[in-house]
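Down below is the structure, laid out as structure tokens.
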Amino acid sequence: MLLYEQIRKNKVKTVLIVTGFVLFVLLVGAAISYINYGDALPGLIFTPVFSLFYVGIVIMSSTGIVMRMNHAKEITSVEQHRFLWHTVENMAMVARIPMPRVFIINDPSPNAFATGLKPEKAAVAVTTGLLDRLSREEVEGVVAHEVAHIKNYDVRLSTVTLALVSVIAIMSDIGSRMLFFRSVGGRRDNNQNPIFLIVGLVLLVLAPIIATLINLAISRNREFLADASGAELTRNPEALASALEKIANVETPVKEASSASAPLYFSDPLKKKISGLLSTHPNPVERINRLRQM
């Protein structure tokens, strides 16, 4: 597949998944409202208001937490690590974004991640293992991948989608409690359509699981997009494929990585080797094959 065709298809797929996710959130809100009150309209009004409020809080409080969580040390001048500094600087210049802040994580497992809700406040972190085990071209490929995440606003997108997963979990919990108390009180709306009621109940139970699966699908798709965009920046897909191959073959997890920060990393830092719908990252073999077909 041609490079630009790969990028275009991934962007279109992301738009479709995110649109479906937003509609799903509204559907869950409508279902909860219908189950408890026999009317979906209050849920359709309340859900977007609550979602915007909650997402706003998450976005404002997320910046700066990730680096502390992963014990990353900032490089504040070129003298501290000339090669890494110039690599990040060059890739940012090619991507036409402000140079991100640069961090190093003291960990032997090779990996990297980017954070920041917009390019002006972004940061790139790499492990010491990445710098020690990979060639210069491979490090450049990984940094280009992370810079592509920044350019594509992937961190903001992942923050928003994760917040929406939390919104659905909160709403499902509230809806279940409301349904329980209404059942205990014996209050029911006889005008409710039994089919809609059953569908609503099933949706109420499965909503958190479905939301998590959608969020993971978005995360995996953005990795494919960052691979393609990173290859576009370096004009060297093989370097990125080779880096991914080396990183995937390392069995040692990143000590400081947590399940909360794992989706941000270049490759699964926890080394869980979970594939399919429950994985935070696409299968490395598939990523490598796509890169080598560009």
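The values are calculated or read from the model by the stated rules, or taken from the named source; none is laboratory data. The structure presented is a predicted model; accordingly, all values stated were derived computationally and were not measured. Note that each Cβ is placed from the backbone with ideal geometry, even for glycine, and that neighbours are counted across all protein chains shown. With ligands, DNA and RNA removed, areas are computed over all heavy atoms of the protein, side chains included. Shrake-Rupley method; radii C 1.70, N 1.55, O 1.52, S 1.80 Å.
Listed values, structure above:
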item: Subset of region 5-24 that is within 17 Å of ALA228 (Cβ to Cβ), among the aliphatic types (A, V, I, L, M) and more than 16 Å from the chain's Cα centre (by Cα) - its residue that is most open to solvent (accessible area, probe 1.4 Å); result: VAL12
item: Enumeration of residues in region 215-236 that are open to solvent by 30 Å² or more (accessible area, probe 1.4 Å) and either within 11 Å of ARG287 (Cα to Cα) or touching a strand residue (DSSP E or B) at 6+ places or on another chain (Cβ under 8 Å) (or both); result: ARG220
item: Among (1) over 22 Å from ILE218 (Cα atoms); (2) in contact with a helix residue (DSSP H, G or I) (Cβ under 9 Å, 6 or more places away or on another chain), the one test that ALA248 misses; result: (1)
item: Region 37-70, residues that are within 21 Å of SER158 (Cα to Cα) and open to solvent by 90 Å² or more (accessible area, probe 1.4 Å); result: VAL49, LEU52, PHE53, MET60, ARG68
item: Test: residue in region 199-216 that is within 27 Å of GLY116 (Cα to Cα), among the polar types (S, T, N, Q), under 15 Å from the mean Cα position of the chain (by Cα) and assigned to a helix (DSSP H, G or I); result: yes
item: Complete set of residues in region 57-75 that are over 18 Å from the mean Cα position of the chain (by Cα) and assigned to a loop (DSSP other than H, G, I, E, B); result: HIS71, ALA72
item: So LEU27, is it on the phi < 0 side of the Ramachandran plot, touching a Gly at 6+ places or on another chain (Cβ under 7 Å) and open to solvent by 40 Å² or more (accessible area, probe 1.4 Å); result: no
item: Helices (runs of 4 or more DSSP H) lying entirely in region 76-177 (those with 1 or more residues that are of a type in the set (D, E, K, R) and in contact with a helix residue (DSSP H, G or I) (Cβ under 6 Å, 6 or more places away or on another chain)); result: 136-151
item: Members of region 241-294 that are among the basic types (Lys, Arg), open to solvent by less than 60 Å² (accessible area, probe 1.4 Å) and not in a helix (DSSP H, G or I); result: LYS271
